[in-house]
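For reference, the structure discussed in these notes is given below.
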Amino acid sequence: MKSLIVSLSVALLFSCQNNAQQKAVATSNKSKIEQGLMTADPIEVPLQDGLARAYFASGCFWCVEAVYESVKGVKESISGYSGGHTLNPTYESSNTGRTGHAEAVEIIYDPKIVSFATLVDVYFGSQNVTQVNGQGPDIGSQYRSIIFYQNEKQKEIIIQKKEALAKKLDKRIAAEIMPFQKFWIGEDYHQDFERLNPDNPYIQGVSIPRLNRFKQKFPHLLKDKH
């Protein structure tokens with residue numbers, strides 16, 4: 001009986017050690033993923049009714065949402081959160097900068113009209129590409145620039161365009177490149193905020209000027225006016 005107890009105790013000890021080691025590895029891997037030292041496998045979102053989805057973060061999502069909704073082939077742009085390590089992020093929690101999430105947008109688009117590569121051009125062409133951890137007056141990791149890829153082809157497109165832009169400007173491009181994992185839809189009042197609140201001081205002073213700068217640079221990408 002004593003030897004059985006000893007054997008059980010040893011087995012339990014090893015089991016506890018193994019569990020502790022597994023937790024330590026998982027924590028270490030999570031930290032490495034967050035630091036960009038290790039990459040999680042991207043999750044690819046399938047086409048739905050012939051429409052694809054892409055995910056970008058570039059400062060305030062009110063601004064980014066409006067930019068993409070002006071582009072031909074984009075059916076809808078949704079504001080939300082991505083890139084972090086907490087579940088069910090909210091505007092209040094992401095604004096602390098402790099969730100790892102950035103304000104992001106989900107772009108629903110027709111790949112027969114606009115390509116993922118063009119959406120990446122829109123991304124780089126509608127922001128200050130060298131600003132780290134922020135965009136314009138919005139400062140903090142929750143406003144950092146991130147391009148999310150869903151497969152290796154998208155990753156290659158992003159890397160090529162980022163490297164070409166860095167070479168052209170002879171400057172470091174701030175955008176992070178991350179595998180897409182999850183997009184959390186933002187609160188209802190954030191959706192279509194610029195369109196529904198044209199007189200808001202932030203919209204007047206930041207969002208509309210940013211949208212107009214994009215329109216001046218890429219008139220050929222804009223939806224036809226009816």
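Each value in this text was obtained by applying a stated rule to the coordinates, not by laboratory testing. This one's a predicted model, so the numbers in the text were calculated from it and none came from an experiment. A quick note on method: Cβ atoms are made from the backbone with ideal geometry, for glycine too, and the neighbour counts reach across all protein chains shown.
Counting 0.36 nm for each residue step from Leu87 to Glu176 and taking away their Cα separation leaves a gain of 29.9 nm. Starting from the Cα gyration tensor of the range 52-221, take the square roots of the eigenvalues, sort them a ≥ b ≥ c, and report rounded, prolate or oblate (rounded when a/c is under 1.5, otherwise prolate if a/b is larger than b/c, else oblate). Rounded, because the longest to shortest axis ratio a/c is under 1.5.
Here the Karplus curve 6.51 cos²θ - 1.76 cosθ + 1.60, taken at θ = phi - 60°, turns the phi angles of the range 116-131 into couplings of 4, 4, 5, 4, 5, 4, 4, 4, 5, x, 10, 8, 7, 6, 9, 6 Hz, with x standing for Gly and Pro.
The simple Förster model, with R0 at 22 Å and r as the Cβ-Cβ distance, assigns Lys112 and Ile43 a FRET efficiency of 0.40.
Projecting the Cα atoms of Ala164, Ala175, Asn200 onto the dipole axis of the range 109-226, where Lys and Arg carry +1 and Asp and Glu carry -1 at the beta carbon, places Ala164 farthest toward the positive end.
In order along the range 53-60, the Karplus-derived 3J(HN,Hα) couplings, from 6.51 cos²θ - 1.76 cosθ + 1.60 at θ = phi - 60°, round to 10, 9, 9, 9, 10, 7, x, 4 Hz, and Gly and Pro are given as x.
Near the amide H of Ser58, within less than 5 Å, lie the amide hydrogens of Ile146, all on another chain or at least 5 residues away, with H placed in the peptide plane. Here's how it looks for Asn133: its modeled amide H is under 5 Å from those of Ser145, which are all 5 or more places away or on a different chain.
Listed values for the range 95-105 are Karplus-derived 3J(HN,Hα) couplings in whole Hz (6.51 cos²θ - 1.76 cosθ + 1.60, θ = phi - 60°), namely 5, 6, x, 9, 8, x, 7, 10, 5, 9, 10, and x replaces Gly and Pro. Measuring against 22 Å, Cα to Cα, the residue pairs Lys75/Lys182; Lys171/Lys217; Lys153/Lys223 contain Lys153/Lys223 as the ones spanning a longer distance.
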